[in-house]
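I have placed the structure first, in the form of structure tokens, so that the comments after it can refer back to it.
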Amino acid sequence: MEKSSRIPGLHKMTIEERIEAVKAFADLSSDEAALLGRCSVLDLNTADRMIENVIGTFEIPLGVVPNMVVNSREVLVPLAVEESSVIAALANAAKMVRSGGGFFTSSSAPIMIAQIQTVDIADPFAAKVKILERREEIILKANEQDPILVKLGGGCRDIEVRVVDTVKGPMVITHILVDTRDAMGANAVNTMAEALAPSIEEWTGGKVFLRILSNLADRRIARARCLVKKDAISPGPEVIDGIINAWAFADADPYRAATNNKGIMNGISSLVLATGNDYRAIEAGAHAYAARTGKYRALAQWEKDSDGNLVGSLELPLAMGLVGGATAIHPMAKLIVKVLGVKTATELAEITAAVGLGQNLSALRALSSEGIQKGHMTLHAKNIAVMVGAEGDEIELVAKKLAEEGKVRVDRAEEILKQLRNP
Ligand code: MEV
């Protein structure tokens with residue numbers, strides 16, 4: 001009989017019972033099932049309080065990036081990432097950026113937007129004005145939902161109302177703009193939006209459906225800029241024009257922009273993940289922001305100053321928090337925040353923007369000079385060596401030979417390992 005993925009009461013089972021259920025479903029051996037229960041820093045009970053139906057934790061490598069200077073402060077940046085070269089690339093870029101004094105960052109206030117969707121309104125433009133007339137009342141009611149946030153200096157600051165044309169007719173979309181301080185703020189703004197819905201229905205005679213934050217957090221912007229002295233760039237100043245050309249290509253062509261921005265997110269998402277923040281929210285916000293002009297473009301900009309030095313800048317929404325989410329629960333995230341030495345969510349977002357800019361620099365520099373495969377392949381070769389069974393010193397020896405030959409392939413790795421073991 002075919003197995004069923006319907007496992008009644010899965011959510012009520014103990015973690016051990018869930019592991020047993022998965023073991024039976026997937027025909028796991030006892031050794032395999034034991035991997036599920038094995039944890040390192042994040043213990044199963046904490047994990048069980050974070051999400052539903054926990055059966056284990058998932059580890060990815062955590063590396064540390066040296067050389068970063070942000071606003072004249074030396075910073076060590078831990079990144080959680082499965083891809084080789086990300087850490088090395090950023091370390092390399094950060095070293096070059098030191099020639100110009102490091103990264104300089106700034107940010108907007110931490111304002112999140114929540115949207116309230118109202119439909120079935122015959123006179124949407126009048127409804128818009130009716131809602132705007134109640135600005136003070138709305139702000140007051142929103143803030144009643146979160147007195148603690150207000151006490152901490154945050155809270156609802158303003159409202160905006162838009163009439164959006166859709167295939168289902170015009171909709172009146174109310175935005176509440178909320179300063180969420182050191183929280184990412186999803187829960188705070190969603191609660192406020194839900195509380196306001198009945199009043200908006202009453203004032204407009206319409207029907208409210210969605211009440212949810214927008215991940216296009218374009219009022220919560222982090223910025224970073226850097227300068228690389230023309231004699232500090234490798235292999236030489238001639239690569240500067242290549243970098244600017246690479247940026248122009250990305251800015252003009254969405255096919256290239258997607259890859260360019262993926263490179264920026266290599267660093268950003270890895271830091272967002274390492275600090276227990278919501279990387280899906282950040283990814284969605286970044287890509288929507290890249291497309292805000294109606295065309296998907298490069299997130300960062302590269303140009304030359306009047307002395308011919310390379311200058312880069314990046315602005316993007318970074319809705320990151322320090323309180324109220326996994327950051328405050330996950331022991332490793334807490335430790336990483338300590339290593340970063342940040343005290344506010346804004347500082348964290350600014351370092352994250354610097355990481356994104358540095359990552360873009362290293363990718364564009366490599367792409368417009370030697371290409372990225374050289375660096376990639378050295379690390380990839382080690383993975384291939386491990387994959388074919390190399391152990392201890394063998395890993396380095398097999399990887400070195402693969403990289404030297406420029407043939408980083410499993411079949412060649414097998415041959416090299418065989419020769420090594422039976423010379
Ligand atoms: C690889 O993970 C990231 C790059 O493709 C980024 C880029 O092309 O700019 C190297």
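A count restricted to region 66-86 and to residues that are within 16 Å of the ligand (Cβ to nearest atom) and either among the aromatic types (Phe, Trp, Tyr) or under 15 Å from Thr352 (Cβ atoms) (or both) stands at 4. Kindly establish whether Ala93 is within 21 Å of Leu364 (Cα to Cα), within 22 Å of the chain's Cα centre (by Cα) and crowded, with 17+ Cβ neighbours inside 10 Å. Considered against the rule, which asks whether it is within 21 Å of Leu364 (Cα to Cα), within 22 Å of the chain's Cα centre (by Cα) and crowded, with 17+ Cβ neighbours inside 10 Å, Ala93 comes out as yes. Considering region 1-56, and only residues there that are in contact with a helix residue (DSSP H, G or I) (Cβ under 8 Å, 6 or more places away or on another chain) and of a type in the set (Val, Ile, Thr), the residue that is farthest from Ala333 (Cα to Cα) turns out to be Ile7. Taking the listed residues Ala26, Ala88, the one that is assigned by TED's automatic domain parsing to the domain that holds Ala328, more than 28 Å from Gly325 (Cβ to Cβ) and free of Cβ contacts under 8 Å to residues at least 12 places away in the same chain is Ala26, with no other qualifying. Against the definition (assigned to a helix (DSSP H, G or I), within 20 Å of Glu283 (Cβ to Cβ), touching a residue at least 24 places away in the same chain (Cβ under 8 Å) and within 16 Å of the ligand (Cβ to nearest atom)), how does Ala250 come out, yes or no? Against the criterion (assigned to a helix (DSSP H, G or I), within 20 Å of Glu283 (Cβ to Cβ), touching a residue at least 24 places away in the same chain (Cβ under 8 Å) and within 16 Å of the ligand (Cβ to nearest atom)), Ala250 qualifies.
Looking at region 207-215, can you tell me whether even one residue there is of a type outside the set (A, V, I, L, M, F, W, C), closer than 20 Å to Leu132 by Cα and over 29 Å from the mean Cα position of the chain (by Cα)? Before the answer, list the steps.
To start, the set of residues in region 207-215 that are of a type outside the set (A, V, I, L, M, F, W, C) comprises 207, 211, 214-215.
From what is left, the residues that are closer than 20 Å to Leu132 by Cα are 207, 211, 214.
Those left that are additionally over 29 Å from the mean Cα position of the chain (by Cα): 207.
Scanning region 207-215 turns up at least one residue that is of a type outside the set (A, V, I, L, M, F, W, C), closer than 20 Å to Leu132 by Cα and over 29 Å from the mean Cα position of the chain (by Cα).
Residues in region 118-138 that are β-branched (Val, Ile, Thr), assigned to a helix (DSSP H, G or I) and surrounded by 14 or more Cβ atoms within 10 Å (Cβ to Cβ): Ile131, Ile138. Counted as qualifying within region 308-423 are the helices (runs of 4 or more DSSP H) with 2 or more residues that are free of Cβ contacts under 8 Å to residues at least 60 places away in the same chain, namely 331-340, 373-387, 393-405, 410-421. The number of residues in region 190-218 being within 18 Å of Arg280 (Cα to Cα) and of a type outside the set (Gly, Ala, Ser) comes to 6.
Just checking, which of Ser84, Ser99 is part of a loop (DSSP other than H, G, I, E, B) and modelled with pLDDT under 95? Even if it seems obvious, please write down each step before you answer.
Values: Ser99 fails: part of a loop (DSSP other than H, G, I, E, B).
That would be Ser84, the only listed residue that is part of a loop (DSSP other than H, G, I, E, B) and modelled with pLDDT under 95.
Scanning region 256-291 for residues that are β-branched (Val, Ile, Thr) and in contact (Cβ under 8 Å) with a residue 24 or more places away in the chain, we see that the one that is farthest from the ligand (Cβ to nearest atom) is Thr275.
Regarding region 42-55, can at least one residue be identified that is within 16 Å of the ligand (Cβ to nearest atom), outside any loop (DSSP other than H, G, I, E, B) and farther than 20 Å from Gly341 by Cβ? Within region 42-55 (the criterion being within 16 Å of the ligand (Cβ to nearest atom), outside any loop (DSSP other than H, G, I, E, B) and farther than 20 Å from Gly341 by Cβ), the answer is no, since none of the residues qualifies.
Do we find a residue being over 23 Å from Ala354 (Cα atoms) and in a helix (DSSP H, G or I) anywhere in region 231-245? Yes, the conditions are met somewhere in region 231-245. Check off (1) in a strand (DSSP E or B); (2) more than 30 Å from Lys168 (Cα to Cα); (3) touching a residue at least 40 places away in the same chain (Cβ under 8 Å); (4) out of contact with any Lys or Arg (no Cβ under 6 Å at 6 or more places or on another chain) for Ser106 and give me the number that stays unchecked. Among (1) in a strand (DSSP E or B); (2) more than 30 Å from Lys168 (Cα to Cα); (3) touching a residue at least 40 places away in the same chain (Cβ under 8 Å); (4) out of contact with any Lys or Arg (no Cβ under 6 Å at 6 or more places or on another chain), the lone unmet condition for Ser106 is (4).
Only residues that are farther than 22 Å from Ile111 by Cβ and touching a Pro at 6+ places or on another chain (Cβ under 8 Å) were counted across region 209-255, and they come to 2.
A search for C-beta distances below 8 Å between a residue of region 50-76 that is surrounded by 14 or more Cβ atoms within 10 Å (Cβ to Cβ) and any residue that is of a type in the set (Asp, Glu), counting only pairs 6+ apart in sequence or on different chains, returns Val54/Asp48; Met68/Glu74; Val70/Glu350; Asn71/Glu350. For region 327-382, a residue qualifies if it is away from the ligand (no atom under 16 Å from the Cβ), farther than 12 Å from Ala274 by Cβ and touching a Gly at 6+ places or on another chain (Cβ under 6 Å), and exactly one does: Ala345.
The values are calculated or read from the model by the stated rules, or taken from the named source; none is laboratory data. As the structure is a computational prediction, the values presented were derived from the model and not from experiment. Don't worry about glycine lacking a Cβ; one is built from the backbone with ideal geometry, like all the others, and counts go over all protein chains shown.
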